[in-house]
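The values are calculated or read from the model by the stated rules, or taken from the named source; none is laboratory data. Bear in mind that the values here come from a model prediction, so they are computed numbers and not experimental data. Cβ placement follows ideal geometry from the backbone for every residue including glycine, while neighbour counts extend to all protein chains displayed.
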Amino acid sequence: MVPEGPLLQGPPALPGAAARWFELALLLPRVVGFVGRASRDDPDRVAPPLIRTPLTVAGVAVDDLVSTLQYVLAGAAAADFDMARIESAARILEACGDPKDPAALYPAPPAPPPEETGLTIRRLGHRVFEHLIFPSRYEPPADLPGRDEWLADEANALAHAYVLQHDDQRPRPWVVNIHGAGVGNPIDLQWMGSFALYRDLGVNVIHPVLPKHGPRRRDRSLLFPSPDGLVNFYAFSQAIWDVRRTIMWVRARGATTIGVHGLSLGGYVAALLAGLEDGLDCVVAGLPPSDIPSLVIGHAARYRGVATTAAEVETGPARQLNRLVSPLTFAPRLPRDRLHIYAAVGDRVSTPEQASALWQHWDEPEICWIQGSHLPSSLFGTARRFVRDSLRHCTVSAA
């Protein structure tokens with residue numbers, strides 16, 4: 001029997017509010033400790049040592065502050081895991097797919113390309129872009145717990161994308177730019193460097209909006225990635241479905257080559273896509289997480305009283321659900337010289353270990369280590385140049 005009740009999300013039971021707020025007072029010792037460890041040579045660590053400068057230390061502090069505030073404010077949304085629901089979902093998905101081939105849970109969207117519900121001209125300052133809307137048509141496996149609730153979200157049932165196309169309408173390379181967590185708005189075109197790629201490489205660019213983000217998010221929509229493996233399965237499965245439908249739309253417009261760049265949460269989706277979608281010419285994963293359970297456990301270990309309860313994400317059924325949406329489960333379908341990663345040595349959000357695990361899984365392709373942290377690194381020239389040069393190396397350029 002499928003357990004009844006709403007989808008849950010949030011960390012396992014957290015300490016009281018006073019104990020959580022006290023963690024802000026411990027921010028400085030945590031930052032000092034991390035900087036000390038990260039700046040030492042360690043032969044077992046893939047990332048190079050952190051170079052201690054005022055800028056890198058400030059970036060680490062900003063990362064840690066944002067992570068701590070998320071932890072402090074999570075108390076209102078905290079919920080114990082519904083293990084019966086997670087175990088039921090794991091059994092259903094095991095019966096639906098082939099344990100030896102988890103890719104069977106990701107069927108390719110059927111032709112033809114998605115029909116446009118809307119393609120409108122919009123402006124961001126003095127810049128012009130197009131806003132594409134089409135029905136997602138994502139269908140989770142039947143009888144999965146929470147299925148009806150997920151599909152009942154009408155805002156999430158519409159897929160959105162922001163598009164930069166050259167006026168000449170001739171076939172060109174396309175770049176699929178996938179945003180990070182908590183955004184999915186037109187301003188992403190600016191801070192993710194899409195206007196610069198459009199100008200410098202002569203490419204067309206499209207920004208698919210991930211599920212539960214931007215115009216697809218209601219006030220109380222679930223966020224992901226989540227400690228709840230069932231939420232992650234729904235969210236990443238639909239993300240891959242929607243991005244693949246977006247790529248079909250791009251191919252119908254005569255794309256000569258297709259490169260995918262994802263940042264943070266988008267880097268995770270791009271890396272997962274690399275193991276599921278054929279015919280891509282380049283994938284660049286920026287500041288990517290790669291294994292959600294270990295990321296949750298690592299974050300929880302920073303705070304008192306959370307590490308033990310957070311270990312629930314490591315239980316067999318919960319880890320099984322997260323494994324089905326992990327880039328580390330799927331071998332990439334691109335040659336190694338068409339895979340690229342950039343990561344930050346002082347990253348306290350995705351953490352360097354997450355990028356290192358993906359780098360090793362991909363048989364050690366080109367990786368660029370930035371002397372910085374998670375939040376500012378995407379804005380630095382180093383990351384922008386690396387993305388541009390990687391796309392150009394893979395012929396995703398008309399310039």
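Looking across segment 250-296 at every residue that is at positive phi and touching a residue at least 60 places away in the same chain (Cβ under 8 Å), the one that is surrounded by the most Cβ atoms within 10 Å (Cβ to Cβ) is identified as Leu287. Kindly evaluate Leu222 against the criterion of being closer than 30 Å to Ile297 by Cβ, at pLDDT below 95, in contact with a helix residue (DSSP H, G or I) (Cβ under 7 Å, 6 or more places away or on another chain) and not in a loop (DSSP other than H, G, I, E, B). When the stated conditions are applied, Leu222 does not pass them.
Does segment 168-206 hold any residues that are β-branched (Val, Ile, Thr) and within 19 Å of Ile258 (Cβ to Cβ), and which are they? Scanning segment 168-206 gives Val175, Val176, Ile178, Val203, Val205, Ile206. Of the residues examined, Thr382 is not one that is surrounded by fewer than 20 Cβ atoms within 10 Å (Cβ to Cβ), of a type in the set (S, T, N, Q) and within 16 Å of Ser294 (Cβ to Cβ). Can you pull out the residues in segment 371-392 that are more than 13 Å from Asp63 (Cβ to Cβ) and either in contact (Cβ under 8 Å) with a residue 24 or more places away in the chain or among the hydroxyl-bearing types (Ser, Thr, Tyr) (or both)? Residues satisfying the conditions are Gln371, Leu379, Thr382, Ala383, Arg384, Phe386, Val387, Arg388, Ser390, Leu391, Arg392.
Within segment 271-296, the set of residues being closer than 21 Å to Gly229 by Cα and of a type in the set (D, E, K, R) comprises Asp291 only. Can you pull out the residues in segment 231-248 that are buried (at least 24 other Cβ atoms within 10 Å of the Cβ) and farther than 28 Å from Ile86 by Cα? Thr246, the sole residue that qualifies. For segment 165-203, the set of residues classified as under 21 Å from the mean Cα position of the chain (by Cα), free of Cβ contacts under 8 Å to residues at least 40 places away in the same chain and assigned to a helix (DSSP H, G or I) consists of Asp188, Ser194, listed by residue number. Looking at segment 195-208, is at least one residue under 27 Å from Val325 (Cβ atoms) and among the aromatic types (Phe, Trp, Tyr)? No; the residues of segment 195-208 include none that is under 27 Å from Val325 (Cβ atoms) and among the aromatic types (Phe, Trp, Tyr). Across segment 165-181, what is the number of residues that are surrounded by 15 or more Cβ atoms within 10 Å (Cβ to Cβ) and either of a type outside the set (A, V, I, L, M) or at pLDDT 95 or above (or both)? Qualifying residue count for the region: 10. Take the residues in segment 118-158 that are among the charged types (D, E, K, R), touching a residue at least 40 places away in the same chain (Cβ under 8 Å) and part of a strand (DSSP E or B), then tell me which one is surrounded by the most Cβ atoms within 10 Å (Cβ to Cβ). That would be Arg127. Of all residues in segment 27-54, those satisfying the criterion of being in a helix (DSSP H, G or I) and loosely packed, with under 15 Cβ neighbours inside 10 Å are Leu28, Pro29, Val32, Gly33, Gly36, Arg37, Pro54. Among the helices (runs of 4 or more DSSP H) confined to segment 272-391, the ones with at least 3 residues that are under 29 Å from Gln238 (Cβ atoms) and at pLDDT 95 or above are located at 352-361.
Residues in segment 204-230 that are of a type in the set (A, V, I, L, M) and more than 17 Å from the chain's Cα centre (by Cα): 1 in all. Every test in (1) buried (at least 19 other Cβ atoms within 10 Å of the Cβ); (2) touching a residue at least 40 places away in the same chain (Cβ under 8 Å); (3) outside any strand (DSSP E or B); (4) of a type outside the set (Phe, Trp, Tyr) is passed by Ala161 save one, and that test is (3). Every listed requirement among (1) crowded, with 22+ Cβ neighbours inside 10 Å; (2) in contact with a helix residue (DSSP H, G or I) (Cβ under 7 Å, 6 or more places away or on another chain) is met by Leu328 save one, (1).
Taking the stated definitions as given, is Leu210 modelled with pLDDT of 95 or more and in a loop (DSSP other than H, G, I, E, B)?
Yes: the conditions hold for Leu210.
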